[in-house]
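Remarks on the structure that follows.
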Amino acid sequence: MNATSKKKLTEVVSMCEPAKNVLLIGCSGCPVGMETGGEEQLKTCAAKLEEAGKTVVGRMMIDMVCNKALDGIRLGRRADVVAACDTVVVYACGVGVQAVANILERPVVPGLNTISVGGMQGLWPSHERCGQCGDCLLGYTGGICPITMCSKSLVNGTCGGTNNGKCEVSPDKDCGWYLIYERLKSLGRLDDLKRMNAPRDYQLQDIPDSRRATMLWALEVEEVPAPPKKKKKKKKKKKKKAAKGSGAGKAVMKEANG
């Protein structure tokens, strides 16, 4: 199973710009097990998109979005909805998002980040690869992963070693950013290349102890449920009673008043 975490809905909406009509696709596989996707998450995302003035032309769930054969069958049966959309938001792992991008001539936006659990498991054997970087950029790169397709995993364009669309590492290997440029050009989204992506946070690919203590790391792990949070009791403030003046104090007051 590929582990995922939810992207902020504001980021998903931002990646959709300037599209007006959006199709939502959810994976019934790993994200459902992770509780990061599913029909309810599509509804939540749809509401946020509509708040931003977008039209959600449809929602659909596919058993395993990383399986392009299934994608092709399901999307082919909804050709009218696909034709009506400008952008597709995909709630799946990075492999699933790329699979949809390779089938449809539409910009794709990831609704999830794929997080590291120490290796990829159970993937559809095709060209798509995911680096489990924890901060998916596929919405800005035409659905082509710069982490796995670029030999140097660059996130802001090609290096100086590319030559005629080929990588300097091997003349038989396509330059990942050349492929990204050509894809964005065909989608009319070359302006996405003007965006400066932040330097990669490699700590996102680390596996924290909290994740190792869950079944995401190994099914044999016995998860310990977190203890319920105790409600803090509000302390009642005691009102201070005004102290009565002493006998000596009364005498001084009398002298002062004459």
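Every number in this text was worked out from the coordinates using simple rules, so none of it is lab data. Predicted model, so just to flag it, every value in this text is computed and none were measured. With ideal geometry, Cβ positions are generated from the backbone for all residues, glycine too; neighbour counts draw on all protein chains shown.
Odds and ends about this structure:
- Order by protection proxy (mean Cβ within 10 Å, highest first), peptides 181-193, 35-47, 92-104, 138-150: 92-104, 138-150, 35-47, 181-193
- Ranked by how many other beta carbons lie within 10 Å on average, peptides 8-15, 61-68 from highest: 61-68, 8-15
- The range 41-132: proportion of alpha-carbon pairs further apart than 17 angstrom, %: 50
- Over 27 Å between alpha carbons, listed pairs Lys54/Lys185; Lys7/Lys230; Lys43/Lys68; Lys20/Lys166; Lys20/Lys185: Lys7/Lys230; Lys20/Lys166
- The slack in the chain from Ser14 to Lys230, taken as 0.36 nm per residue of separation less the alpha-carbon distance, amounts to 74.0 nm.
- FRET efficiency estimate (nearest 0.05) - Cβ-Cβ, Lys166 to Lys48, R0 35 angstrom: 0.25
- If you take the alpha carbon atoms of the range 4-212 and fit the smallest convex hull around them, that volume is 124 Å³ per residue.
- Computed extension gain for Arg77 through Glu105, at 0.36 nm per residue and net of the alpha carbon distance, reaches 8.5 nm.
- Farthest toward positive dipole pole in the range 4-212 [+1 Lys/Arg, -1 Asp/Glu at C-beta], among Ala101, Thr114, Val90: Ala101
- Working ranking of peptides 106-115, 69-78, 23-32 by packing, defined as the average number of other Cβ atoms within 10 Å per residue, highest first, is 106-115, 23-32, 69-78.
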